[in-house]
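> Questions regarding the structure given below will be posed in turn.
The values are calculated or read from the model by the stated rules, or taken from the named source; none is laboratory data. Quantities reported herein were computed from a predicted structural model and do not represent experimental measurements. Using ideal geometry, Cβ is built from the backbone for each residue, glycine included, and neighbour counts are taken over all protein chains shown.
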Amino acid sequence: MDYVTVLTTAPRLLSAAMMAVGDYNTGALAQRLYGRGSTWLVHVSLQSCWFMQYCAGRTITAVPETTVTMMALARYPWNNKQSSTSVSYVWWVGVGCCLRPTTAIFFLPLLLVHVYSCNNKIALSLKIIGTTLVVSALLCVADSAYYGSFTFVPWNFLRFNVLTGLADHYGRQPWHWYISSGLPSALGPHVLLLLSALYTNYRRYAQLLLPCCFTLAVYSLIGHKEIRLLLPLLPPLLLIVGDQVTLLLKTQTRSNNTSVLCSRRNLLLGLLIIPNAALLLYFGVAHQRGPLSVVTELNAMVMQHQSGPADGTINLHHVSATSLPLLLFLMPCHSTPLYSHLHMPVATRFLTCEPNLQGLPGYVDEADRFYEHPEAWLAAHLPYQRSDARKGKQEGIVNREHAAYGEKLLKDTPKFKNNELNYKSEDHIVTNTKSLISQERNSNLTRIELSEEVFTKIQQHSSRYKYDVIDPLMNYPSHVIMFDKLATEMQNFLHDLGYQICSTVFHSYIKEGHRSNYIHVYCLPGT
């Protein structure tokens, strides 16, 4: 099991399997609501939606949330709300809330309708309250045991995303974004048939539209919006689309001209399948594929690096005496996967983008600090030194921030066994801490010898960095990864440091913010 292929493929297969379970329950719901005749075209609608298929193999929480949502909807008493006091669907709602508390928003109107319509309101209400308390207690116990202190994640979720507005740190869109952009993009051509269904058969679909519209209204009040959050809403809406296609085809069967009927049916299905297939092909194969490609390249490079040169000589550009490569990702935060795809003892450092959790005035996250002046950030974080031929030794070894950070790492690191290689994760940097700190004290870390001119340039760049240095680099990175837009700006500085392009991978045809068309990997010679 301890293989990169297994670790990266198995979760995707599990995600796809969960989506298949959700599709099955969507078909079961279609049969309950609109009869067996709609089921086939509902499945066609589901499988032809590009965004559903695009997300099916992705390891995001929206996938299990979507599955649990459809399992709950398939068990909801749609046609016998007056007499039913069953809360079997509420248990699945509870599971969904454990995965993501937003599930409660979707089912709140359905719960209220059920209680309002039920003849035995008291018994049903007590069952719902009891189920809610049991699920909440189990969730609280599990979270508290994991975090080591009393924790109720739904409250933390509400406080972070709504009450404090910290989620806006990751982007804010106008109130109408889900309706004007998000939902049409996710549905693709299906949105035309959805509008047709709303116009011609609104009453038929009112029960399914109620939770969808309520959820969209609540989501629209929150500043931070993402298209993936709409995934649980798509199966109910696509169910409506599938039934609408069934009704359209039934209407056309009244025609006596069989050839006209077949041509209209094929045209209708073609309008659903062909554009969505093109969208799925582009977004699934070409669009933003760089992160996965570059970590695959890095995996091969690091494997070659750790195997060592064929003649057995030692490369003076190795990152440390332990020969651990240091990968520096100068990209927007969370641009690439890390150890799930690398899966080897390698140090990594990437730009962070934590929100302002402490409420500091004038807060700027690390990624934004970097992009204000990339060369200044890199210069301020390098353990720079220069060569001094007159004294025959290295001087200007490390900034005070590096020494202080090293002492902090040593203090926070658990005790080591003798001669045991141990890795400590501290603020997104993984390294053999004890070895690095001890060598730092003895000034024995392998470093690049810089000319007086380059050393002066680094000091000039570093002086422009107006923030405190956090998580300084303990040594020169063996690999620096960045988008080509940034590489154009930094290539001269990287060249002065001795870096050369060792790989270029395609990312996307469309530029977006700091992300551009290609990803460059810069290496020190011999790494």
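> Does Y170 qualify as being in contact (Cβ under 8 Å) with a residue 24 or more places away in the chain and either touching a strand residue (DSSP E or B) at 6+ places or on another chain (Cβ under 8 Å) or crowded, with 18+ Cβ neighbours inside 10 Å (or both)?
Values: in contact (Cβ under 8 Å) with a residue 24 or more places away in the chain: yes; either touching a strand residue (DSSP E or B) at 6+ places or on another chain (Cβ under 8 Å) or crowded, with 18+ Cβ neighbours inside 10 Å (or both): no.
Criteria not met by Y170.
> So which helices (runs of 4 or more DSSP H) stay within the stretch 179-224 end to end and still have 2 or more residues that are surrounded by fewer than 16 Cβ atoms within 10 Å (Cβ to Cβ) and hydroxyl-bearing (S, T, Y)?
Working: elements: 183-187, 190-200, 206-220.
Once the helices (runs of 4 or more DSSP H) in the stretch 179-224 are filtered for at least 2 residues that are surrounded by fewer than 16 Cβ atoms within 10 Å (Cβ to Cβ) and hydroxyl-bearing (S, T, Y), what remains is 190-200.
> So, one more: Using the structure shown, decide if S259 is assigned to a helix (DSSP H, G or I), small (G, A, S), at pLDDT below 90 and more than 15 Å from S196 (Cα to Cα).
Yes: the conditions hold for S259.
> Restricting to the stretch 111-121, count the residues that are polar (S, T, N, Q) and surrounded by fewer than 13 Cβ atoms within 10 Å (Cβ to Cβ).
Pass one, the stretch 111-121, residues polar (S, T, N, Q): 117, 119-120.
From what's left, surrounded by fewer than 13 Cβ atoms within 10 Å (Cβ to Cβ): 119.
Result for the stretch 111-121: 1.
> For R58, state whether it is charged (D, E, K, R), surrounded by fewer than 18 Cβ atoms within 10 Å (Cβ to Cβ), in the same structural domain as L187 (by TED's automatic domain parsing) and more than 14 Å from I240 (Cβ to Cβ). Break it down stepwise before answering.
On the way: charged (D, E, K, R): yes; surrounded by fewer than 18 Cβ atoms within 10 Å (Cβ to Cβ): yes; in the same structural domain as L187 (by TED's automatic domain parsing): yes; more than 14 Å from I240 (Cβ to Cβ): yes.
Yes; evaluated as a whole, the condition is true for this residue.
> Could you tell me how many of the residues in the stretch 153-180 are of a type in the set (S, T, Y), closer than 17 Å to S220 by Cβ and more than 21 Å from the chain's Cα centre (by Cα)?
1
> Tell me the residue from E512, E489 that is surrounded by fewer than 16 Cβ atoms within 10 Å (Cβ to Cβ) and under 20 Å from the mean Cα position of the chain (by Cα), please. Show your work before the answer.
Working: E489 fails: under 20 Å from the mean Cα position of the chain (by Cα).
Going through E512, E489 in turn, just one is surrounded by fewer than 16 Cβ atoms within 10 Å (Cβ to Cβ) and under 20 Å from the mean Cα position of the chain (by Cα): E512.
> Okay, next question. Could you tell me which of the residues P211, P232, P236 is in the same structural domain as C55 (by TED's automatic domain parsing) and under 22 Å from the mean Cα position of the chain (by Cα)?
Working: P211 fails: under 22 Å from the mean Cα position of the chain (by Cα); P236 fails: under 22 Å from the mean Cα position of the chain (by Cα).
Exactly one residue qualifies, and that residue is P232.
> Looking only at the stretch 458-470, which residues are crowded, with 17+ Cβ neighbours inside 10 Å, touching a His at 6+ places or on another chain (Cβ under 9 Å) and not hydroxyl-bearing (S, T, Y)? Talk me through it step by step, then tell me what you get.
As a first pass, look at the stretch 458-470 and keep what is crowded, with 17+ Cβ neighbours inside 10 Å: 458, 461-462, 465, 469.
Next cut, touching a His at 6+ places or on another chain (Cβ under 9 Å) only: 461-462, 465, 469.
Once the filter is applied, which keeps residues that are crowded, with 17+ Cβ neighbours inside 10 Å, touching a His at 6+ places or on another chain (Cβ under 9 Å) and not hydroxyl-bearing (S, T, Y), the stretch 458-470 yields H461, V469.
> Give me a count of the residues in the stretch 494-527 that are assigned to a strand (DSSP E or B), farther than 28 Å from Y170 by Cα and out of contact with any strand residue (DSSP E or B) (no Cβ under 7 Å at 6 or more places or on another chain).
Number of matching residues: 0.
> Residues that are within 18 Å of the chain's Cα centre (by Cα) and modelled with pLDDT of 90 or more: list the helices (runs of 4 or more DSSP H) wholly contained in the stretch 4-106 that include at least 1 such residues.
Values: elements: 4-34, 39-48, 50-56, 62-74, 88-99.
Passing ranges, in order: 4-34, 50-56, 62-74, 88-99.
> Something else now. Given the structure, is L124 over 27 Å from the mean Cα position of the chain (by Cα), surrounded by 17 or more Cβ atoms within 10 Å (Cβ to Cβ) and not hydroxyl-bearing (S, T, Y)? Full working, then the answer.
Values: over 27 Å from the mean Cα position of the chain (by Cα): yes; surrounded by 17 or more Cβ atoms within 10 Å (Cβ to Cβ): yes; not hydroxyl-bearing (S, T, Y): yes.
So L124 passes the test.
Residue-wise test of (1) modelled with pLDDT of 80 or more; (2) in contact with a Phe, Trp or Tyr (Cβ under 6 Å, 6 or more places away or on another chain); (3) in a loop (DSSP other than H, G, I, E, B); (4) aliphatic (A, V, I, L, M).
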{"residue": "S438", "(1), (2), (3), (4)": "no, no, no, no"}
{"residue": "R441", "(1), (2), (3), (4)": "no, no, no, no"}
{"residue": "R447", "(1), (2), (3), (4)": "no, no, yes, no"}
{"residue": "F455", "(1), (2), (3), (4)": "no, no, no, no"}
{"residue": "I458", "(1), (2), (3), (4)": "no, yes, no, yes"}
{"residue": "H461", "(1), (2), (3), (4)": "no, no, no, no"}
{"residue": "I470", "(1), (2), (3), (4)": "no, no, yes, yes"}
{"residue": "V480", "(1), (2), (3), (4)": "yes, yes, no, yes"}
{"residue": "N492", "(1), (2), (3), (4)": "yes, no, no, no"}
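To keep it simple, each residue is scored yes or no on (1) touching a His at 6+ places or on another chain (Cβ under 7 Å); (2) at pLDDT below 60.
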position: F329; (1), (2): no, no
position: P332; (1), (2): yes, no
position: T336; (1), (2): no, no
position: H343; (1), (2): no, no
position: Q385; (1), (2): no, yes
position: E395; (1), (2): no, yes
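> If you check R36, R32, R58, which single one turns out to be under 15 Å from L234 (Cβ atoms) and either without any contact (Cβ under 8 Å) to a residue 24 or more places away in the chain or among the basic types (K, R) (or both)? Give the derivation first.
Details: R36 fails: under 15 Å from L234 (Cβ atoms); R32 fails: under 15 Å from L234 (Cβ atoms).
So the residue among R36, R32, R58 that is under 15 Å from L234 (Cβ atoms) and either without any contact (Cβ under 8 Å) to a residue 24 or more places away in the chain or among the basic types (K, R) (or both) is R58.
> Same structure, new question: Going by what's in this entry, would L268 be described as among the hydrophobic types (A, V, I, L, M, F, W, C), within 17 Å of S45 (Cβ to Cβ), in contact (Cβ under 8 Å) with a residue 24 or more places away in the chain and surrounded by 15 or more Cβ atoms within 10 Å (Cβ to Cβ)?
Details: among the hydrophobic types (A, V, I, L, M, F, W, C): yes; within 17 Å of S45 (Cβ to Cβ): yes; in contact (Cβ under 8 Å) with a residue 24 or more places away in the chain: no; surrounded by 15 or more Cβ atoms within 10 Å (Cβ to Cβ): yes.
When the stated conditions are applied, L268 does not pass them.
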